[in-house]
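None of the figures in this text is laboratory data; all of them are computed from the coordinates on show. In this text the structure is predicted, and so the values were computed from the model without any measurement. Note: ideal-geometry Cβ built from the backbone for every residue, glycine included; neighbour counts use all protein chains shown.
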Amino acid sequence: MDPLTNLQNGGWLPVVFLALMGVAMLAYVVLDGYDLGVGILLRRANGADGTNSANSTNADIEKDIMISSIGPFWDANETWLVLGVGILLVAFPMAHGVILGELYLPVALMLLGLMLRGVAFDFRVKARAAHKHLWNNAFYAGSVLASFSQGVMLGLYITGFKNGWAEYGFAIITGLCLCAGYALLGAGWLIMKTEGALQQRAVRWALGSLWFTGAGIAAISIVTPLVSARIFEKWFALPNLFLLMPVPAATAVLFFVIDRALRRLPKRLSEGNEYGAWVPFACTVGIFILAFYGLAYSLFPYLVVDKIDIWQAASAPESLKIILVGAVVVLPAILGYTIYAYRVFWGKARALTYY
Amino acid sequence: MDPILLARAQFGANITFHILFPTISIAMGWVLLFFKLRFNATNNAKWMDAYKFWVKIFALTFALGVVSGITMSFQFGTNWPGYMQTVGNIAGPLLAYEVMTAFFLEASFLGIMLFGTNRVSNRTHTIATLLVAGGTTLSAFWIIALNSWMHTPAGFEMIAGKAHAVDWFQIIFNPSFPYRLTHMLLASGLTVSFLIAGISAYRWQRNDRNPSVMAALKTGITLAAVLIPLQIMAGDAHGLNTLKYQPAKVAAMEGLWETEKGAPSLLFAIPNEKTRSNDFAIGIPKLTSLVLTHELDGEVKGLNEFKGKHPPVAPLFWAFRIMVGTGMLMLSVSWFSVWQIRKRGAPAPWLARALVGMTFAGWVATVAGWYVTEIGRQPYLVYGVLKTVDAASAIPSAMIASTFIMYLLLYAALTVAYVTVIFHLARKAQYPAASGASHMPTPALNGNFQPAKK
């Protein structure tokens, strides 16, 4: 059936919920993305003396600053995942079962990673000092595992859960590239939130992960249309090809803007000039939004590529309505106090000012 | 192995691990608010010291609750796809409201509560504490509403095998909801009061004479002494409610096979499902009838009335006794502690040891209680509506088993780490920050709390 007929028969509620879910997932990817990225970069924390052994005090201080830059936010950031998966669960229960059943193993590994990362936040400063480096390692390993698993899930999802070596290979590539993408977000975050040597190193980390991120987005852009003739048609039939051209074009521009900013920042920052320190982070967020848009455009209206569409999977309208009423009231409030929390912790992160 | 049993064991392990932490964070938010308000009112530094010590444990507990809770939102779908497909129209909105009204509220203000003391005013910090406490409680409200609905479903109709909501007020305030919510909130309060009393007694034992230790100890035992009689009454009322809606569960809790007038209350027995009778039963005559019907010779229905439709007897029978036994122990220890500390101004060494031993008594009672109620709902997932068997997924046993082992190892390690770190924090609090050289007990911290940089 074509989408328009569906819209008339199946109603507009599933579309609204798809949009809500998309916003929640995008918010999660961007917000927890920088948290996970900082976690991925944690092992690169370095003392000013150039050592990075577990016991080096300087490296330890740097790790503390890195983690305290995300400490007040990670909890709320992770809640967007609960909201996204929650909407999938409550609005599209049939798809929730199918998708998470197919992704059972990577989901379990992601949860393992998120658990390790989440508890390490607290344990690393509360457990015995001698155990701190173990929890630092857990923080790093948890962040990497969660990011990689999410990338693998994305890869398997795009290829429609087909089992084959090519699909698995692709999923591993998306897993690695999402790690790079998160590292880019995390490095961008650190450029804004830190100072001095750590900030300079964050610029180098961002440069290191920039082109891996680009490769990942290119790989996804090439593979997605090949998976389904329908998606190919959506992108490459005329006039769509020209109408959609701005999406990849803008993405490419953003990559070059980031690259240029990162090459100019070291000198500027070393002179104490923070001008443009926000550019890499903001442009990375832009890239994620564009990539997300492209993916959403490809998949719509399907929740499982070419198999289950949103109308087939949706819950009863009376239940969706009651959730929507709540969402309309509550989401602005959430937005309000999220902005408030970011304002309270605005500015450079200080070494742990616990309680 | 049977995949359904594996899926249940895995889900049971996850939810058991999860409930340990919300049980603490729900009530501890309010205790922290109490400490904070006492400080605001008296300006006595001991209350702020107590706040600063316990907020660390709160943060740790909260983090564990969050990460184990995320697992749940995935396992609803992976382990029980039939659940959402059948009752998703009811469960969905309740879960959505929990996420939207509670999770974001508590998670956003937690950051300010933990790290914001020198970035916001004292007043705003107090409000942040209030919002976090309110958020955790609101979260309990929604999830208990859903859980209670699974026990006593109301306000819905079945259309083509799917539940559809008819009356949301009836769905939320279903017949067992007020009892279960009260019982759970009191359980949370008791768990926290024994945790605070136990850790404070531990610090006292180690000659930590910071005034905040005694303040917290008194708060803990007083709270326990007040809550435990309320909990016994709430538990009794909840039991009567269960008798009305799930008589088979009550019969299994009491180990009562035949319908009886003047049924005894069994202190010990080994329920035997094969012979459908109890081995080695010792009981107090007529007590069960008295408790459940408020008459010595009242009739109580036995398990044989529900053949094939009642839950497994032994786990319920034992879990129920563990819960009640722990409750009785809590009653005697808390009342005796209040009496002794009022009289002597300090706990005797043996009492301090007993309190330390009971630090996590609340966990034992809470988990045992949840096993009674959840195993007691079997063979149903939603009582009378959906059987557990029909909600299970087709995920291969091997995959469930391997992730199950992974989860179990992780949960065991994290539980051990959690308990160890709490005692470690208690020891560390004795000495002023990082000046490990001094082994003198901390003197009373002087001066007022200042929302300035440390």
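Points worth noting:
- Prolate/oblate/rounded label for the stretch B:274-357 (Cα gyration tensor, a/c 1.5): prolate
- The stretch A:67-116-the stretch A:146-214 distance, computed between alpha-carbon centres (Å): 17 Å
- Per residue of A:129-142, other chain Cβ atoms within 10 Å of the residue Cβ number 1 on average.
- 10 Å Cβ neighbours from other chains, averaged over peptide B:117-124: 2
- Hydrodynamic estimate: the Kirkwood radius of the stretch B:183-273 over Cα pairs, inserted into Stokes-Einstein at 25 °C and 0.890 mPa s, corresponds to D of 153 µm²/s.
- Taking amide H as placed 1.01 Å from N in the peptide plane, the amide H of B:Thr152 sits under 5 Å from that of B:Ser176, each at least 5 places away or on another chain.
- The Cβ shell under 14 Å around A:Gly155 holds other residues with a net charge of -1, Lys and Arg each +1, Asp and Glu each -1.
- For the stretch B:40-87 and the stretch B:96-149, distance of Cα centres in Å: 10 Å
- Divide the volume of the convex hull around the Cα atoms of the stretch B:238-314 by the residue count and you get 78 Å³ per residue.
- The mean of 1/r over all pairs of different alpha-carbon atoms in the stretch A:95-143, once inverted, gives a Kirkwood hydrodynamic radius of 11.7 Å.
- Shape parameters for the stretch A:3-344, alpha-carbon atoms, Rg then Dmax in Å: 20.9, 67
- Cα centroid separation, the stretch B:210-227 to the stretch B:343-382 (Å): 17 Å
- Anisotropy class assigned to the stretch A:84-236 is oblate, per the alpha carbon gyration tensor with a/c at or over the 1.5 cut-off and a/b no larger than b/c.
- In the stretch A:155-216, the C-alpha radius of gyration followed by the widest Cα-Cα span (Dmax) gives 15.0, 48 angstrom.
- Averaging over all projection directions, the Cα-based convex hull of chain B occupies 24.0 nm² in the image plane.
- Within the listed set A:Val90, A:Val23, A:Val329, the Gaussian network model of chain A (springs between alpha-carbon atoms below 10 Å) gives the highest mean-square fluctuation for A:Val329.
- The H on the amide N of B:Leu381, modeled in the peptide plane, is under 5 Å from the matching H of B:Leu386, B:Lys387, B:Thr388, each at least 5 residues off or on a different chain.
- Separation of the A:Val329 and B:Glu273 label points, Cα + 7 Å toward Cβ, nm: 4.5 nm
- Cβ-based exposure ranking for B:Thr219, B:Thr117, in which fewest neighbours within 10 Å come first: B:Thr219, B:Thr117
- Where a label projected 7 Å from the Cα of A:Leu243 along Cα→Cβ would reach, residues of the stretch A:269-301 with amide N under 20 Å: A:290-301
- Charge context of B:Ala133, other residues only, Cβ under 14 angstrom, K/R +1, D/E -1: 0
- The value given for the protein assembly as shown is a Kirkwood hydrodynamic radius of 28.4 Å, derived from the mean inverse Cα-Cα separation.
- Exposure proxy order (Cβ contacts within 10 Å, fewest to most) of A:Trp311, A:Trp211, B:Trp363: A:Trp211, A:Trp311, B:Trp363
- Least to most buried among B:Asp167, A:Asp35, B:Asp49 (fewest other Cβ within 10 Å first): B:Asp167, B:Asp49, A:Asp35
- Positive minus negative residues near A:Gly113 (Lys, Arg vs Asp, Glu; Cβ under 14 Å): -2
- Selection among A:Met153, A:Ile67, A:Leu269 by position relative to the dipole of the stretch A:3-344 gives A:Leu269 as farthest towards the positive end (Cβ unit charges, Cα centre).
- Counting only other chain Cβ atoms within 10 Å of each residue's Cβ, the peptide B:403-416 averages 2.
- Rounded to whole Hz, the Karplus (6.51, -1.76, 1.60) HN-Hα couplings of the stretch A:228-244, x for glycine and proline: 9, 4, 5, 5, 4, 4, 4, 8, 9, 6, 7, x, 3, 3, 7, 5, 8
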